[in-house]
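**Q** Quick one: this structure, given as structure tokens, is what I'll be asking you about.
The values are calculated or read from the model by the stated rules, or taken from the named source; none is laboratory data. Values in this document were obtained by computation on a predicted structure and should not be read as measured data. Cβ: placed from backbone, ideal geometry, glycine included. Neighbour counts: every protein chain shown. Heavy atoms of the whole protein, side chains included, go into the accessibility calculation; ligands, DNA and RNA do not. Shrake-Rupley method; radii C 1.70, N 1.55, O 1.52, S 1.80 Å.
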Amino acid sequence: MSEVRHFTVIGAGIVGIACASYLQRAGFRVTVIDSRPPGEGCSFGNAGLISPGTCVPFSMPDLVWRVPRFLADPLGPLAVRWAYLPQALPWLVRFLAAGRPQRVREVSRAMAALHRSCFDAYAPLLKTAGADDLIRRSGQLYVSKKENGALGDALSRSLRDAAGIRAEPVDAAELRQLEPALSADYKSGLFFPENGHSVNSFRLVQVLAERLVRDGGELLRRTASGFRFDADRPVALLTEEGEMPIDRLVIAAGAWSHRLTERLGTSVPLEAERGYHVMLPDPGVVPRLPISNKDHSFAATPMENGLRFAGTVEIGGLDAAPDYRRAKVLLQHGKGMYPGLSTEGMTEWMGCRPSLPDGLPVIDISPKFPSVFFAFGHSHYGLMGAAITGKLIAELATGTAPSIDLAPYRVSRF
């Protein structure tokens with residue numbers, strides 16, 4: 001019998017664990033390495049949204065006219081730290097360029113293709129791990145204090161129509177019925193019946209990782225800093241514990257992935273979109289649904305351990321200290337949504353989303369080394385895109401025809 005091939009996955013977030021799980025299901029031996037335990041990056045603090053209806057890019061044609069306001073408000077929905085602006089500028093220029101109408105439509109189609117089967121891709125992983133209770137197809141609600149503000153502009157609506165997304169307008173009276181706890185100040189809503197959320201995205205990663213180990217996988221606390229090459233291919237990882245031999249490799253290291261691809265000869269314009277959350281363990285108000293506040297660009301998600309307000313974008317690099325004033329702004333807006341909210345026991349958090357200028361991830365084989373696979377750059381959509389990404393990486397590894405066209409996610413687009 002031939003020896004079972006081995007994969008090392010760098011990254012123990014939801015994307016890395018999903019890749020490792022699908023590779024294991026495909027018959028590979030798997031080792032996952034990360035400097036932190038499973039799920040302690042973005043998976044610990046994300047908004048928990050799983051939305052097959054997500055197909056509207058962040059970079060849209062009107063965004064360029066709002067940039068001066070973003071730069072002027074350090075606590076707004078999108079902020080750039082002035083000290084970091086020279087480093088961020090090339091990425092920001094590409095980000096704005098991705099808002100050209102034709103490119104927006106291309107990106108939207110790719111987003112819809114990747115996200116539409118997110119629940120189906122999670123199903124076998126959840127079943128094997130006994131974790132079906134961690135993801136709910138609850139529906140999701142957009143809300144706004146403006147008349148028709150939740151509906152979005154004409155381009156957003158046309159993108160959803162083109163993707164066949166079910167989205168039902170909701171007036172003020174219907175909002176009260178759907179979400180009685182919501183402030184009466186909100187005038188418009190948009191309901192997505194096919195969306196859902198995780199009630200604990202951190203525990204989801206932990207449970208999947210535990211299943212991976214029970215099935216023979218290995219988890220190691222290591223930091224990969226580089227590679228040793230032999231015969232023109234990487235044969236070992238350099239870590240603080242010494243060298244680790246590698247056969248095949250997946251780079252799923254989130255916002256740190258570009259530091260590794262650079263050492264493999266592939267430069268990727270990856271930026272850390274720093275996001276914040278406030279967690280209220282006993283809020284006194286329990287929304288029925290996850291809600292996206294379209295006026296202030298954040299989400300309110302009911303979870304098994306409380307109510308989470310999560311969102312905003314701060315461009316400031318990987319290494320800068322958190323600015324928890326941004327979390328306090330989320331709380332302020334949350335209080336405006338839910339009168340009588342209790343903040344006792346509140347905690348704050350910041351994490352770095354791995355974002356590429358067009359908002360699409362890289363799901364690909366390294367152009368330099370056929371034994372190395374890329375799975376990173378999922379921006380705000382790592383939780384919903386993780387399972388399908390894992391499935392696609394396993395298909396690439398086994399030579400199976402990919403479930404979707406991978407051209408939009410190739411690293412060569414940069």
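**Q** Among the residues in region 354-372, are any under 30 Å from Glu179 (Cα atoms) and in contact (Cβ under 8 Å) with a residue 24 or more places away in the chain?
**A** Scanning region 354-372, I find no residue that is under 30 Å from Glu179 (Cα atoms) and in contact (Cβ under 8 Å) with a residue 24 or more places away in the chain, so the answer is no.
**Q** Continuing with the same structure: Give the residues of region 329-359 that are basic (Lys, Arg) and either at pLDDT below 95 or open to solvent by less than 40 Å² (accessible area, probe 1.4 Å) (or both), sorted by residue number.
**A** The answer is Arg353, and nothing else.
**Q** Of all residues in region 138-174, which are of a type in the set (A, V, I, L, M) and part of a strand (DSSP E or B)?
**A** Leu141, Val143, Val170
**Q** Which is under 27 Å from Ala386 (Cβ atoms) and small (Gly, Ala, Ser), of Ala154, Ala97, Ala162?
**A** Step by step, each of Ala154, Ala97, Ala162 is checked, and only Ala162 is under 27 Å from Ala386 (Cβ atoms) and small (Gly, Ala, Ser).
**Q** Also, quick follow-up: Considering region 288-323 alone, what residues qualify as being of a type in the set (Ser, Thr, Tyr), touching a Gly at 6+ places or on another chain (Cβ under 7 Å) and in a strand (DSSP E or B)? Write out each step before concluding.
**A** Within region 288-323, the subset of a type in the set (Ser, Thr, Tyr) is 292, 297, 301, 312.
Pick out the ones that are also touching a Gly at 6+ places or on another chain (Cβ under 7 Å) and you get 297, 301, 312.
Across region 288-323, the qualifying residues are Thr301, Thr312.
**Q** Moving on. Picking from Pro38, Pro68, Pro124, which residue would you name as being in a helix (DSSP H, G or I), within 25 Å of Ile10 (Cβ to Cβ) and of a type outside the set (A, V, I, L, M, F, W, C)?
**A** Just a single option satisfies the conditions, and that option is Pro124.
**Q** Quick check, is Leu219 under 22 Å from Asn46 (Cβ atoms) and either open to solvent by less than 10 Å² (accessible area, probe 1.4 Å) or in contact (Cβ under 8 Å) with a residue 24 or more places away in the chain (or both)?
**A** yes
**Q** Moving on to the next point. Being open to solvent by 30 Å² or more (accessible area, probe 1.4 Å) and either assigned to a helix (DSSP H, G or I) or within 10 Å of Leu141 (Cβ to Cβ) (or both) is the filter here; which residues of region 175-192 pass it?
**A** Matches in region 175-192: Arg176, Gln177, Leu178, Phe191.
**Q** Okay, next question. Which pairs do you get when a residue that is closer than 14 Å to Ser292 by Cα, found in region 131-152, comes within reach of a residue that is among the β-branched types (Val, Ile, Thr) and open to solvent by less than 90 Å² (accessible area, probe 1.4 Å), reach meaning Cβ atoms under 6 angstrom, with the pair 6+ apart or on two chains?
**A** Leu141/Ile291; Val143/Ile291; Ala150/Val143
**Q** A follow-up question, please. Looking only at region 100-127, which residues are more than 20 Å from the chain's Cα centre (by Cα) and surrounded by 20 or more Cβ atoms within 10 Å (Cβ to Cβ)?
**A** Passing the criteria: none in range.
**Q** Just one of the numbered conditions (1) at pLDDT 95 or above; (2) farther than 30 Å from Lys368 by Cα; (3) exposed (fewer than 13 other Cβ atoms within 10 Å of the Cβ) is not true of Glu240; which one?
**A** (2)
**Q** Please indicate, with yes or no, whether at least one residue in region 351-359 is in a strand (DSSP E or B) and more than 19 Å from Ala47 (Cβ to Cβ).
**A** no
**Q** Still on this structure: Restricting attention to region 164-178, which residues are over 20 Å from Pro290 (Cβ atoms) and under 23 Å from the mean Cα position of the chain (by Cα)?
**A** Within region 164-178, Gly164 is the sole residue that qualifies.
**Q** Could you please find all residues in region 57-91 being touching a helix residue (DSSP H, G or I) at 6+ places or on another chain (Cβ under 9 Å), open to solvent by less than 30 Å² (accessible area, probe 1.4 Å) and within 21 Å of Arg105 (Cα to Cα)?
**A** Result: Pro57, Ser59, Met60, Leu63.
**Q** Separate question: Considering only region 360-414, state which residues are assigned to a helix (DSSP H, G or I), open to solvent by less than 40 Å² (accessible area, probe 1.4 Å) and of a type in the set (Gly, Ala, Ser).
**A** Listed by number, the residues that qualify are Ser379, Gly382, Gly385, Ala386, Ala387, Gly390, Ala394, Ala397.
**Q** A follow-up question, please. Which of the residues spanning region 193-213 are in contact with an Asp or Glu (Cβ under 6 Å, 6 or more places away or on another chain) and open to solvent by less than 10 Å² (accessible area, probe 1.4 Å)?
**A** Scanning region 193-213 gives a single hit, Val199.
**Q** Can you pull out every residue in region 23-52 that is more than 22 Å from Glu273 (Cβ to Cβ) and small (Gly, Ala, Ser)?
**A** Within region 23-52, Ala26, Gly27 meet the criteria.
**Q** Looking at region 7-15, can you tell me whether even one residue there is in a helix (DSSP H, G or I), among the hydrophobic types (A, V, I, L, M, F, W, C) and buried (at least 21 other Cβ atoms within 10 Å of the Cβ)?
**A** Within region 7-15, one or more residues are in a helix (DSSP H, G or I), among the hydrophobic types (A, V, I, L, M, F, W, C) and buried (at least 21 other Cβ atoms within 10 Å of the Cβ).
**Q** Failed condition for Gly48, given (1) open to solvent by less than 10 Å² (accessible area, probe 1.4 Å); (2) at pLDDT below 95, with all others met?
**A** (2)
**Q** If Pro74 satisfies every condition in (1) in a loop (DSSP other than H, G, I, E, B); (2) over 29 Å from Leu178 (Cα atoms); (3) within 20 Å of the chain's Cα centre (by Cα) but one, which is the exception?
**A** Just one mismatch for Pro74, condition (3).
**Q** Next question, about the same structure. Applying the selection to region 158-200, what residues are of a type in the set (Lys, Arg) and either closer than 20 Å to His380 by Cα or modelled with pLDDT under 95 (or both)?
**A** Within region 158-200, the subset of a type in the set (Lys, Arg) is 160, 166, 176, 187.
Selection gives Arg160, Arg176.
**Q** Taking the conditions exactly as written (loosely packed, with under 15 Cβ neighbours inside 10 Å, assigned to a helix (DSSP H, G or I) and either small (Gly, Ala, Ser) or more than 23 Å from the chain's Cα centre (by Cα) (or both)), does Ala20 satisfy them or not? Spell out how you get there, then give the answer.
**A** Values: loosely packed, with under 15 Cβ neighbours inside 10 Å: no; assigned to a helix (DSSP H, G or I): yes; either small (Gly, Ala, Ser) or more than 23 Å from the chain's Cα centre (by Cα) (or both): yes.
Criteria not met by Ala20.
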